[in-house]
Structures are given as structure tokens and as C-alpha cells.
1. Using alpha-carbon positions, what is the distance between the centroids of the stretch 140-165 and the stretch 238-284, in Å?
2. Express the Stokes-Einstein translational diffusion coefficient of the stretch 100-198 in µm² s⁻¹, to the nearest whole number, given a Kirkwood radius over alpha-carbon pairs, 20 °C and a viscosity of 1.002 mPa s.
3. Exceeding 26 Å between C-alpha atoms, which entries from my cross-link table qualify? They are Lys224/Lys256; Lys47/Lys159; Lys46/Lys122; Lys47/Lys123.
4. When every alpha-carbon pair in the stretch 58-283 is counted, what percent end up more than 22 Å apart?
Amino acid sequence: MTEFSKQSIWRARHERHLFGSKFAALVLNDANQLSRYIELTLVLTKKEIKVRYKSYLLGYVWSIANPLAFAFVFYVVFQVIMKIQIENYVIFLISGLFPWQWFSNSVNTSTATFLGNASLIKKIKFPRSSVVLAVVLQDAAHFALSLPVVAVFLLAYGKSPALAWLWGIPILMFVQLLLTFGAALFLATVNLFFRDMERLVAVIMVFVFYFTPVLYSENLIPDKFVGFLTLHPVAPLIISWRSLLLNGVMNFEYVKIALVHAAAIFFIGYWVYRKLSWRFAEVL
């Protein structure tokens with residue numbers, strides 16, 4: 001073997017070694033960044049929960065009181081007065097209202113999230129998206145704590161939680177987390193540049209609520225409008241939750257549609273955030 005060949009082999013091995021070292025360092029650096037992001041998000045989530053229920057003795061009760069109060073009002077109006085023909089209407093309502101509350105609370109709160117943390121964003125360099133994620137995770141925790149209430153109502157009506165809850169709930173929570181975080185991140189970002197977004201969202205959410213099958217079953221929708229459910233970003237998710245919580249069945253047709261909507265909204269929200277995040281300090 002010539003001296004030139006030996007040098008070529010040595011150089012190739014050296015370059016492979018350098019590449020391997022750089023790749024390992026890059027992976028380790030990304031892993032460390034991810035670890036710090038998760039740790040920061042958890043700290044912010046704990047802070048959000050403490051601030052929300054500071055000086056409140058009945059914190060858990062208040063987290064479920066709002067949807068239960070709505071369920072009572074809707075039950076009286078639609079079941080007692082209007083005699084709507086839906087079996088076990090109370091648990092029908094709460095199985096849709098609890099996941100809706102998570103989405104609604106996170107979206108309505110998100111518009112003021114960056115504004116409310118302006119001093120922190122200006123002084124410290126950190127992933128701003130973690131602030132929004134903390135708000136969404138806080139509402140996710142409250143939703144998870146409301147599931148025992150659903151179980152109690154099921155037992156009261158002679159039903160019981162299904163075994164499918166064990167794997168169905170984590171799947172649907174992931175889909176809803178993706179959807180809610182994407183929407184919240186988009187709205188929190190846009191609101192910094194268009195401050196009327198907060199008012200606009202409050203109005204839009206009223207329309208979204210009544211066009212989502214929370215108070216009524218998707219079976220009551222006329223056939224010519226049923227196709228629009230697949231275009232609704234929230235409806236397939238609510239239908240999936242009700243199917244799981246009420247009947248113990250995972251409606252994979254709607255779950256897949258919900259996942260597509262969630263992924264699309266997440267990527268749009270994250271893309272807008274990445275495009276505009278460098279201007280946060282100057283507009284806050």
C-alpha cells in the first residue's frame with residue numbers, strides 16, 4: 001500500500017470520527033435543550049396552578065363547578081322543558097362539556113399569555129412557547145381531575161367506566177393537547193400584533209361552541225350538513241371523547257380526523273410563532 005493510500009484511509013477515518021463526535025455532541029445538546037424545556041414548562045405549569053387557586057380553599061371544586069353548572073342549566077332547558085330525546089342526557093352533557101372546557105379555557109386565556117408575561121420575556125432569554133404550553137397543561141390537569149366526576153355520574157346512571165379508558169384517554173388527551181397548544185400558540189402570537197384578537201376570539205368561541213355537538217348529538221344533524229363535521233376542527237374530538245367516556249368505544253374514524261386537524265393547527269401555530277417570535281421584545 002502506497003503512502004498516499006495510507007494517508008487517504010487515515011484522513012477518511014479521522015473525518016468519520018470528527019463527524020461522529022459532532023453528531024453525538026449535537027444530539028446531546030438537543031437532548032439537554034429538550035430536558036431544560038420540559039423542566040421549565042413544568043415549573044411554569046406549577047406556577048400557573050398556584051396562581052389560579054391562590055387563597056381558594058375549594059380549588060378542585062371550582063375547577064369542575066363551571067361545567068357542572070352549565071350541565072344543570074342545559075339539562076333543565078333541553079331535557080326538562082324542551083324534552084329533547086337523548087338518553088341519559090346529564091352524562092351526555094358532561095362527557096362533552098369537560099373536554100370542551102379544557103379547549104375553551106386554554107384558547108380564551110392564550111391571547112393574554114405573552115402580554116401577561118411581558119416582564120419575564122423582556123428580561124430572560126428562554127423558549128417563549130413554554131409559557132403557552134404551561135397554560136394548556138394546567139387546563140389539561142384540571143380536565144384529568146374531572147374524569148372521576150364523569151365516572152361517578154356513570155355509576156349513578158347504572159353504567160361503569162370502560163376498560164378502553166386506560167388507553168383511549170391518553171390517546172385523546174395527546175390529540176387535544178396538540179390541537180389546543182397549536183391554536184393557543186397561534187392566538188397568543190397574533191394578539192401581540194393585533195390586540196383586537198382577544199375580543200374577536202371571545203366572539204368566535206361562542207359560535208364554535210354552538211356549532212360543536214356538545215349540547216346535541218351528531219345524530220340530530222340533518223344528513224346534508226353531517227359532512228361539515230369533518231371540516232370542523234373541534235367536533236371530531238368532542239364526538240370521540242363522548243364515544244369513549246359514555247359508551248367505552250374509541251371511534252377511530254373521528255379520532256383520525258381529529259388527529260389530522262390537530263397536527264395541521266399545531267404546525268400552523270408553531271410556524272407563525274417561529275416567524276414572529278424574534279419581534280416579541282419590541283412589541284411588548
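1. Rounded to whole Å, the Cα centres lie 23 Å apart.
2. So the translational diffusion coefficient is about 142 µm²/s.
3. Among Lys224/Lys256; Lys47/Lys159; Lys46/Lys122; Lys47/Lys123, the Cα-Cα distance tops 26 Å for Lys47/Lys159.
4. Across the stretch 58-283, Cα pairs with separations above 22 Å total 53 percent.
Each value in this text was obtained by applying a stated rule to the coordinates, not by laboratory testing. None of the values given here were measured: they were computed from a predicted structure.
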